[in-house]
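The values are calculated or read from the model by the stated rules, or taken from the named source; none is laboratory data. None of these values were measured; they are calculated from a predicted model. Virtual Cβ from ideal backbone geometry, glycine too; neighbours counted across all protein chains shown. For the accessible areas, the whole protein counts, side chains as well, though only heavy atoms, and no ligand, DNA or RNA atoms are used. Shrake-Rupley method; radii C 1.70, N 1.55, O 1.52, S 1.80 Å.
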Amino acid sequence: MLNSLRLHLNEATFPVTCSQSVSMETRFTNNGMPCQNQQGNDESHELEHAAKPSSSVKQVACQEDAAPPAEIQQIGPQLKLVPLNDQIRELQTIIRDKSTSRGDFVFCADRLIRLVVEEGLNQLPYSECTVTTPTGHKYDGVKFEKGNCGVSIMRSGEAMEQGLRDCCRSIRIGKILIQSDEETQKAKVYYAKFPPDISRRKVLLMYPILSTGNTVIEAVRVLREHGLQAKHIILLSLFSTPHGARSIVEEFPDITILTTEVHSVAPTHFGQRYFGTD
């Protein structure tokens, strides 16, 4: 039966790219089933080894300047990393690759944003509840506690808004615009609009790239001026530098930072590539 399936896949007429072929082969392996080249298929064996070196080199290049675990731990427990797997590493690699088309860039960025948002929601408080199933049985589960909202730091933070709405349809989202002053080069607030009761809410602060941390620090200061405590802020980020994360934690020890990677080189081109202004 398995051999017949392999034969059918090999003779299929639909187009399969090299990356799709390698991905398909990987899924067979990860599920505990023998991949095609284990059965002596020399053509698939050559294809696998022809496709993997390029991807492998890119991943190694992205990881060689990554912050070591000891340095991440020194920043503090406030910094949390989304559990790393090959899917996330591939998304990180594609986003960092200068040859990636804008369509692929946006697609992969949206996928990575969704993963970060989902993990960020896990940091919010839940309460236990009991519901009745269609068959009349009782089910003990959980539900979000009320009072959550998002705040995006414009403009790149707006790229994360849809990912949050996809998970929480009715969530309210505030905005804040911070830019560097041309004369002093310091972060300056130009616009801020939040829900009127933001001081009583849990806030998911969205900013995809943490480089120096100055923009986020200024944004948190503005939120605190509106009565919000730092311990009620969860910063959602895709990429962070050690310096950026450390600066934020030193300034606000009660904040929570969630990111996929801590790396000495941040992809600061993110906003321009995502919105097509590069």
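Would you kindly identify the helices (runs of 4 or more DSSP H) lying entirely within segment 37-148 that contain at least 2 residues that are modelled with pLDDT of 95 or more, more than 25 Å from S170 (Cβ to Cβ) and open to solvent by 80 Å² or more (accessible area, probe 1.4 Å)?
On the way: elements: 42-63, 69-75, 86-96, 102-121.
The helices (runs of 4 or more DSSP H) meeting that bar are 86-96, 102-121.
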Residues within segment 140-173 that are touching a strand residue (DSSP E or B) at 6+ places or on another chain (Cβ under 7 Å) and among the basic types (K, R), tallied: 2
Residue, nearest to V116 (Cα to Cα), within segment 237-273, restricted to residues that are aromatic (F, W, Y) and in contact with a Ser or Thr (Cβ under 7 Å, 6 or more places away or on another chain): F239
Matching residues, segment 179-236, being under 19 Å from the mean Cα position of the chain (by Cα) and over 23 Å from R114 (Cα atoms): T212
